[in-house]
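Where a number appears in this text, it was derived from the coordinates with a stated rule and is not lab data. None of these values were measured; they are calculated from a predicted model. Cβ atoms come from the backbone with ideal geometry, glycine included; neighbour counts cover every protein chain shown.
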Amino acid sequence: MRISDLNILKGPFLSLNLSFRQIIQVFSQYSFSALPVMDGEGKYVGIIKAQDIFAHLEKLSYESSIKQLCHPHEPVKEKDKVFQILEQNHFEIIPVVNSENILSGFITKTDLMDSALKWYKKNADRFNQVVSSSYNGIIAIDAEGEIFVFNPAAERILERDSKEYLGKHILELDPASGLIETLEKGSISIGVKTLINGKTILTNRSPLVYNGQVVGAMGVFLDISTLESVTEELNKHRALVRKFNAIIESSYDGLYICDRNGIVTHVNTAWERICGIPRDQVVGKSAYNLVAEGLYNKSAATKALETKKTCTVMLEMTSGPKASQKIMATGTPVFDENGDIEQVVVNVRDITELENLKKQLDDIRHYASELQEMHIQQFKIDDIVAQSPAMQRILELVTRVSRVESTVLITGESGVGKEVIAKKIHLLSKRQNKPLIKINCGAIPENLLESELFGYEGGAFTGARKEGKPGMFELASEGTLFLDEIGELPLNLQVKLLRAIQEKEIIRVGGLKAIPVDVRIIAATNKDLASMVRKGTFREDLFYRLNVVNINIPPLRQRREDIIPLLFEVLKKFNAKYGLDKKLTGPVVERLLQYDWPGNVRELENLVERLVVLVNEPHVQVMHLPEFLQENRAKSKAITVNGIVPLKTAIEDVEAQLIEHALKEHRTTRKVAQLLEVNQSTIVRKIKYYNICREDAQENQNEVWVHQIRI
């Protein structure tokens, strides 16, 4: 701030040609204790004090000159800085002159001090504003170590309230503070890293020096945790760029990239090899100009820019060492967030190389097909044995269907291994690392089945969890849901299941919001669903939705080639499980081979485990077999079929006769089930289905009740 910025008074002035009386009149008119004096040319001469005038009243006449009372006091210039003259000894008024010593006016010392005070206050406010607005934390201490600056950034970084520490010693804030060392040594410390409240703090410390003396110390610090994370993120992006460049350079296909204006920004080594042109001849040039200059006759890049679509062109090199080379180029536009083309990536291939690759691919596919066939022939996992042509065809179908997402319906008698096939489809599919969830539709009461399948919201019914519960569909998300005994699903739930399969979304019990689900459905049943559809007990639309791919597993009696391998595979499994070495004799194997196995693979496993556990001798003999396997099967009552009838009708007739003969001999369904080696509930249902009369009415009533509960 300069003197010219202050309020300079332009009068009153005194001149040397004024009489004593005139000067007294001026002083009487104004209240100044002194006034500046100028000569006839307006140049500054000095100052006359009022007290000197009144002290010489008796000695001077009114006509006397006052030159002898003038004090030659040093004036200030208009361009002088206020702070250069603050500490000088001045009268109450301070004369102001220009560069030629012409008197411009004067200022009062009071005005000078007020102006200086306002300037100091204004700049102090600015200083406080700068310190408070700084993103860096600032703490300053005086020579005694007391804190006099503690800005908001320091509060934020240190998580401390400045009001608690202003005026207190720095060691109360930080017992290990480096500011004390800076204060004592008067040295500067740059880039000191410390860890405070889990944050990495970078601090610069410097002493505060005034007139050559250290009067305090200041620390300026910054939380660089974010900076370090940004640096780490930047390094990751740099690594990604390096990987991107490495990927581009390692690509066997030629890659050519241009921006939205068609300017080539990058080509890889493969492009140079295919086109026979070094990259420095194309990078930085326009794709339009390269065609115009005759490098090649067409451009996939320009076509993609014009059509804004992926396009493929067959072009021919027209110059360079690869002239007449035919090349297939595919240009793919890349769009920004506004839908405008940002760049175009062009993939180029030599047609000759492509033909060779096609031939190699055909050969690979041929070998892969043969390898797959060989794999299928040797295909065996856990209890799946595929020696019979029927099972080999099934496993081949399993392999094919596992590659797609189609819904699968697995049918077959109880115990044939429907669940094992379902697991195998899941394990061979793309969903193998996601959950396989199984639910038995016939084992869960109808009133609970819906909540098990679809889940429920909190408070949906009495006893429900407050937070709700996800159902099997949600648990199987991105995986496979295996619906066993699908024929037992009630009609009202069939509708909801159909909607879930079609819409790929479910609604929880008690909920309103549809939840999207990504689930592959595999269903299984030992019932004739087509017959159930005709009878109205199973929805036709659901049947067709489930029966996209049908895998019908034949019973063991229809694939006898698998019986002996299964026997020895299961025997090996249970020998390993129980640490034994049991062996089956030839007659036993022959007897088991002739058996019809109504319980299929499940019955075979149970029988072999029973023999391994209960037989004490190392070799299993015929006498160790259950009685029904030791008996001469010829003694059984004959089963007849009347004439030539449809196969399904013949099977039902034989089944009805078997159950009827067994009931006459054993009277109870439990013993009949043991003899025929099926579940008791199966016998009860078939008695009702075939309308077989029974003598034991009481037992019949009881078993119908059991039948109703199980269904």
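Where Lys and Arg each count +1 and Asp and Glu each count -1, what net charge lies around VAL230 among other residues with Cβ under 13 Å from its Cβ?
-2
Just name one of THR649, ILE201, LEU676: the one whose Cα is farthest towards the positive end of the charge dipole of the chain (beta-carbon charges, Lys/Arg +1, Asp/Glu -1).
THR649
Near the amide H of VAL97, under 5 Å away, which other amide H atoms are found, from residues 5 or more places off or on another chain, if H is placed in the peptide plane?
Residues meeting the criterion, in which the H sits 1.01 Å from N, are VAL76, LYS77, GLU78, SER104.
Any idea what the alpha-carbon Rg over 2.2 N^0.38 Å comes to for region 251-354?
0.98
Which of these values of volume of the Cα convex hull per residue in Å³ was calculated from the structure shown: (1) 399; (2) 275; (3) 173?
Correct label, based on the coordinates given: (1).
Using modelled backbone amide H atoms (1.01 Å from N, in-plane), which distant-in-sequence or interchain residues come within less than 5 Å of ILE551's amide H?
LEU409, ILE410, THR411
As I understand it, the value is the acute angle between the Cα axis of helix 563-578 and the longest principal axis of the Cα atoms of the chain; what does it come to in degrees, rounded to 10?
Tilt of helix 563-578: around 60 degrees.
List the relative contact order of region 463-575 as a percent without decimals, with contacts defined as Cα pairs under 8 Å and 6+ residues apart.
The value is 27 percent.
Once you order the gyration tensor axes a ≥ b ≥ c over the Cα atoms, which shape class does region 556-635 get: rounded for a/c under 1.5, otherwise prolate or oblate by comparing a/b with b/c?
Cα axes put region 556-635 in the oblate bin.
Starting from the Cα of LYS418, draw a straight line to each of the lysines and keep only those under 19 Å, dropping any in the same chain fewer than 8 residues away.
Candidates past the 8-residue exclusion: LYS380, LYS438, LYS527.
Which order results if VAL495, VAL313 are arranged by neighbouring Cβ count within 10 Å, fewest first?
Ranking VAL495, VAL313 by Cβ neighbours within 10 Å, fewest first, gives VAL495, VAL313.
List the pairs from LYS424/LYS573; LYS434/LYS535; LYS496/LYS535; LYS358/LYS434 whose alpha-carbon separation is above 28 Å, in the order I gave them.
Those over the limit are LYS434/LYS535; LYS358/LYS434.
Arrange the following residues from fewest to most other Cβ atoms within 10 Å of their Cβ: TYR578, TYR296.
By the 10 Å Cβ count, ascending: TYR578, TYR296.
Rounded to the nearest 500 deg cm²/dmol, what is the calculated helix-only ellipticity per residue at 222 nm for the chain, with -39500 (n - 2.57) per DSSP H run of length n ≥ 4?
Computed mean residue ellipticity for the chain: -12500 deg cm²/dmol.
Using only the alpha-carbon atoms, how far is helix 225-250 inclined from the longest principal axis of the chain? Give it as 0 to 90 degrees, nearest 10.
Taking the Cα atoms of the chain, the angle to 225-250 is about 60 degrees.
Output the 0 to 90 degree angle, nearest 10, between the alpha-carbon long axis of helix 109-133 and the longest principal axis computed from the alpha carbons of the chain.
Helix 109-133 sits roughly 10 degrees off the main axis of the chain.
Hey, which lysines would be in cross-link range of LYS285, C-alpha to C-alpha under 24 Å, not counting anything within fewer than 8 residues on its own chain?
List returned: LYS298, LYS303, LYS308, LYS309, LYS322, LYS326.
Under 26 Å Cα-Cα from LYS10, which lysines qualify once same-chain neighbours fewer than 8 residues away are excluded?
Output for LYS10: LYS43, LYS49, LYS67, LYS77, LYS79, LYS81, LYS109, LYS118.
Does region 379-552 come out rounded, prolate or oblate by the C-alpha gyration tensor, with a ≥ b ≥ c the root eigenvalues, rounded set by a/c under 1.5 and, if not, prolate when a/b is larger than b/c and oblate if not?
Taking the square roots of the gyration eigenvalues as a ≥ b ≥ c, region 379-552 is prolate.
Which of GLY40, VAL620, ALA217 sits closest to the plus end of the dipole of the chain, meaning its Cα is farthest towards the positive end, when Lys and Arg get +1 and Asp and Glu get -1 on the C-beta?
VAL620
How large is the dipole of the chain about the Cα centre if only Lys and Arg carry +1 and Asp and Glu carry -1, each at its Cβ, rounded to the nearest 20 debye?
That gives a dipole near 1760 debye.
What's the exposure ranking of LEU6, LEU361, going from fewest to most Cβ atoms within 10 Å?
Arranged by neighbour count, lowest to highest, LEU6, LEU361 become LEU361, LEU6.
How much net charge surrounds PRO389 when only the other residues with a Cβ under 13 Å from the Cβ of PRO389 are counted, with Lys and Arg +1 and Asp and Glu -1?
So the surrounding residues net to 0.
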